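The values are calculated or read from the model by the stated rules, or taken from the named source; none is laboratory data. Small disclaimer: the values here were computed from a predicted structure and weren't measured. All Cβ positions, even for glycine, are placed from backbone atoms using ideal geometry, and neighbour counts span all protein chains on display.
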Amino acid sequence: MTAYISTGGFNRIPAYKSVRKLINYGAKNIELSGGIYCSENLKKLKSQKQKINFQIHNYFPPPKIPFVFNLASQNPLIAARSLKHVETAIRNCKEIGSDYYSFHAGFLCDIEIDELGKVVKKKKLFDRRKSINIFIKRISKLAALAKKNKVTLLVENNVLSKKNLKEFNANPFLMCEPIESCKIAKRFPPNVKLLVDVAHLKVSAKTLNFDPKIMFQKCNKYIGGYHLSDNDGKSDTNKPFFDNAWFWKYLNKNLNYFSVEVYNLNKKKFLDLQKVVFKKLNKSF
């Protein structure tokens, strides 16, 4: 059984260079996430697939012309680009031997590149019910392609900060809390599961005033994996976690997808995290 380490913290270099860093740290299981566009990414990564177990997450491979991926968008251009991005990612999974592709749940508005990770400026929101139906319809279409390529799709819960809630005076994102996450997950095809990001959950729970353990209890049968990092409950900062972190007792240790999404890693931090993960889950990177 394995855990993955994310390349998400190395967002200013191509993926093959961040993979090289993680290999030097001792990683053998890597989640590819973000980075900058490079036409040689796939070719260089394929050369490593015999010794590295890769999985693909969200905004990978990064497109030549950046955009904010949104499978619930009602903008035809963003919707088409988002669908194409997932189709490319699924095919890349097959090429590098990945059996999972994970991505974020949709948004009720289209976000600008420079708003990512910040307060999103107030915009007119798409109708929530319509957006959910569109999102599920697109997921079902993509699930058929994923099934042909023997790939499981994982949909990640979004994070809602108090600042974004105040800006919109509403929740502009899908799947931040347990009730909606479960209702949507019930409508997924069998090869689509939830990816519970415990750090996103911590922030959203504080913002919306719910107990985060409810997500694990209500959505248990739909969960296919986890993203692990920590924060102060105010914003998603991708900080390290320790063996006393709040989430350990709620995780299903029998699942096959645990990805550590901690940023600003050096070799010492990597090894420290690996010790914690191995101790709590009996899994190594």
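Data for the structure
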{"quantity": "From Ala144, Ala89, residue being touching a strand residue (DSSP E or B) at 6+ places or on another chain (Cβ under 6 Å) and in a helix (DSSP H, G or I)", "calculated": "Ala89"}
{"quantity": "Residue within the range 55-73 that is in a helix (DSSP H, G or I) and either free of Cβ contacts under 8 Å to residues at least 12 places away in the same chain or buried (at least 21 other Cβ atoms within 10 Å of the Cβ) (or both) present", "calculated": "no"}
{"quantity": "Checklist (1) surrounded by fewer than 24 Cβ atoms within 10 Å (Cβ to Cβ); (2) closer than 29 Å to Ala80 by Cα applied to Cys219, failing item", "calculated": "(2)"}
{"quantity": "Filter result (among the β-branched types (Val, Ile, Thr), out of contact with any strand residue (DSSP E or B) (no Cβ under 8 Å at 6 or more places or on another chain) and farther than 19 Å from Glu261 by Cα) within the range 187-231", "calculated": "Thr207, Ile214"}
{"quantity": "Residue match in the range 109-118 (condition: modelled with pLDDT of 95 or more, in contact with a Ser or Thr (Cβ under 8 Å, 6 or more places away or on another chain) and surrounded by 14 or more Cβ atoms within 10 Å (Cβ to Cβ))", "calculated": "no"}
{"quantity": "Filtered residues of the range 92-115 (kept if in a strand (DSSP E or B), within 14 Å of Leu145 (Cβ to Cβ) and hydrophobic (A, V, I, L, M, F, W, C))", "calculated": "Phe103"}
{"quantity": "Within the range 241-278, considering residues that are out of contact with any helix residue (DSSP H, G or I) (no Cβ under 9 Å at 6 or more places or on another chain) and of a type in the set (Ser, Thr, Tyr), the one farthest from Ile56 (Cα to Cα)", "calculated": "Tyr263"}
{"quantity": "Per-region count, the range 18-35, residues surrounded by 15 or more Cβ atoms within 10 Å (Cβ to Cβ) and touching a residue at least 12 places away in the same chain (Cβ under 8 Å)", "calculated": "12"}
{"quantity": "Residues (among the aliphatic types (A, V, I, L, M) and modelled with pLDDT under 95) located in the range 261-270", "calculated": "Leu265"}
{"quantity": "Matching residues in the range 23-48 - criterion: being closer than 24 Å to Ile65 by Cβ, in contact with a helix residue (DSSP H, G or I) (Cβ under 9 Å, 6 or more places away or on another chain) and not in a helix (DSSP H, G or I)", "calculated": "Leu32, Ser33, Gly34, Gly35, Ile36, Cys38, Glu40"}
{"quantity": "Selection status of Asp197, without any contact (Cβ under 8 Å) to a residue 24 or more places away in the chain and closer than 25 Å to Ile5 by Cβ", "calculated": "no"}
{"quantity": "Of all residues in the range 200-229 being touching a residue at least 12 places away in the same chain (Cβ under 8 Å) and among the charged types (D, E, K, R), the one that is nearest to Glu156 (Cα to Cα)", "calculated": "Lys202"}
{"quantity": "Unmet requirement for Gln48, which otherwise passes all of (1) loosely packed, with under 15 Cβ neighbours inside 10 Å; (2) modelled with pLDDT under 95", "calculated": "(1)"}
{"quantity": "Failed condition for Lys150, given (1) exposed (fewer than 15 other Cβ atoms within 10 Å of the Cβ); (2) farther than 23 Å from Tyr226 by Cβ; (3) in contact (Cβ under 8 Å) with a residue 40 or more places away in the chain; (4) not hydrophobic (A, V, I, L, M, F, W, C)", "calculated": "(2)"}
{"quantity": "Condition met for Ser181 (more than 24 Å from Ile30 (Cβ to Cβ), surrounded by 19 or more Cβ atoms within 10 Å (Cβ to Cβ), out of contact with any Ser or Thr (no Cβ under 9 Å at 6 or more places or on another chain) and polar (S, T, N, Q))", "calculated": "yes"}
